[in-house]
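The values are calculated or read from the model by the stated rules, or taken from the named source; none is laboratory data. The structure displayed is predicted, hence computed values, not measured ones. Backbone-built Cβ (ideal geometry, glycine too); neighbour counts: all protein chains shown. Note: areas computed on protein heavy atoms with side chains; ligands, DNA, RNA excluded. Shrake-Rupley method; radii C 1.70, N 1.55, O 1.52, S 1.80 Å.
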Amino acid sequence: MTLAVCPGSFDPMTLGHVDVVRRARAMFDEVVVAIAKNSAKTHLFTDAERVELAREALADINGVRVELSSGLIADFARDRGAVAIVKGLRGAADYDAEQAMALLNRHLSGIETVFIMGDPALNHVASSFVKEIASYGGRIDDLVTPNVARALKEKVK
Ligand code: PNS
């Protein structure tokens with residue numbers, strides 16, 4: 001039984017995230033999506049909202065569960081017996097940000113990070129852009145799941 005942790009701030013979860021989680025689940029028996037805090041970002045949605053939105057967005061993928069992680073991802077992954085931490089990569093900018101995190105997480109826990117290239121059709125999808133588009137009343141329905149689109153429209157009202 002192999003378990004992988006897929007961490008992120010997921011503020012909110014996008015179709016790009018859903019795609020990466022689906023691909024991770026094809027590689028590992030169980031995937032735990034860890035909703036974590038990125039200390040470099042101010043989150044629009046609360047911890048509970050991000051968990052709820054991710055749970056609904058991923059409800060149709062079996063073997064996937066969503067949990068809140070309030071400490072280090074290295075500790076979270078080790079506590080759950082993860083064999084890998086999985087991250088999606090869209091391009092070089094993601095790689096630059098992720099390289100140090102992967103090495104630090106391995107330094108702290110011994111757990112390797114596995115990078116997955118998502119669907120190129122979703123390469124342009126990022127939570128930050130989705131929030132910005134929503135704040136101007138733009139169309140986000142094909143960038144996020146319906147529950148997230150509803151929550152975003154409500155939040156930016
Ligand atoms: O989706 P993001 O914002 O790129 O995710 C970054 C996140 C939340 C995975 C990262 O900030 C993180 O791991 N935070 C939890 C605290 C932690 O473990 N920090 C050390 C990272 S080496």
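Figures for the structure shown
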item: Segment 141-151, residues that are crowded, with 19+ Cβ neighbours inside 10 Å and not in a helix (DSSP H, G or I); result: Leu143, Val144, Thr145
item: Matching residues, segment 117-128, being under 15 Å from the mean Cα position of the chain (by Cα) and either assigned to a helix (DSSP H, G or I) or within 14 Å of the ligand (Cβ to nearest atom) (or both); result: Gly118, Leu122, Val125, Ala126, Ser127, Ser128
item: Answer from Leu152, Leu143, Leu72 - the residue that is more than 24 Å from Ala26 (Cα to Cα) and either touching a Lys or Arg at 6+ places or on another chain (Cβ under 6 Å) or touching a residue at least 60 places away in the same chain (Cβ under 8 Å) (or both); result: Leu152
item: Considering residues of segment 25-57 that are of a type in the set (Gly, Ala, Ser) and away from the ligand (no atom under 14 Å from the Cβ) only, the residue nearest to Gly88 (Cα to Cα); result: Ala26
item: Matching residues in segment 1-16 - criterion: being within 22 Å of Asp75 (Cβ to Cβ) and within 13 Å of the ligand (Cβ to nearest atom); result: Val5, Cys6, Pro7, Gly8, Ser9, Phe10, Asp11
item: Residues located in segment 75-100, provided they are of a type in the set (A, V, I, L, M, F, W, C) and free of Cβ contacts under 8 Å to residues at least 24 places away in the same chain; result: Ala92, Ala93, Ala97, Ala100
item: Pick from segment 1-51, criterion assigned to a loop (DSSP other than H, G, I, E, B) and free of Cβ contacts under 8 Å to residues at least 12 places away in the same chain, ranking: farthest from Ala102 (Cα to Cα); result: Thr46
item: Sole residue being closer than 20 Å to Arg150 by Cβ and modelled with pLDDT of 95 or more, chosen from Val31, Val125, Val20, Val83; result: Val125
item: Selected residue [among the hydrophobic types (A, V, I, L, M, F, W, C) and in contact with a helix residue (DSSP H, G or I) (Cβ under 8 Å, 6 or more places away or on another chain)] from Ala57, Ala100, Ala48; result: Ala57
item: Some residue of segment 105-114 being in a helix (DSSP H, G or I), closer than 24 Å to Pro12 by Cβ, open to solvent by less than 40 Å² (accessible area, probe 1.4 Å) and near the ligand (Cβ under 9 Å from one of its atoms); result: yes
item: In segment 2-17, residue nearest to Asn105 (Cα to Cα) [restricted to those that are of a type in the set (A, V, I, L, M) and open to solvent by 10 Å² or more (accessible area, probe 1.4 Å)]; result: Leu3
item: Candidates Ala134, Ala97, Ala74, filtered to the one that is part of a helix (DSSP H, G or I) and open to solvent by 50 Å² or more (accessible area, probe 1.4 Å); result: Ala97
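Let's see how each residue does on (1) more than 11 Å from the ligand (Cβ to nearest atom); (2) touching an Asp or Glu at 6+ places or on another chain (Cβ under 8 Å):
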{"position": "Asp60", "(1), (2)": "yes, no"}
{"position": "Ala74", "(1), (2)": "no, no"}
{"position": "Arg78", "(1), (2)": "yes, no"}
{"position": "Lys87", "(1), (2)": "no, yes"}
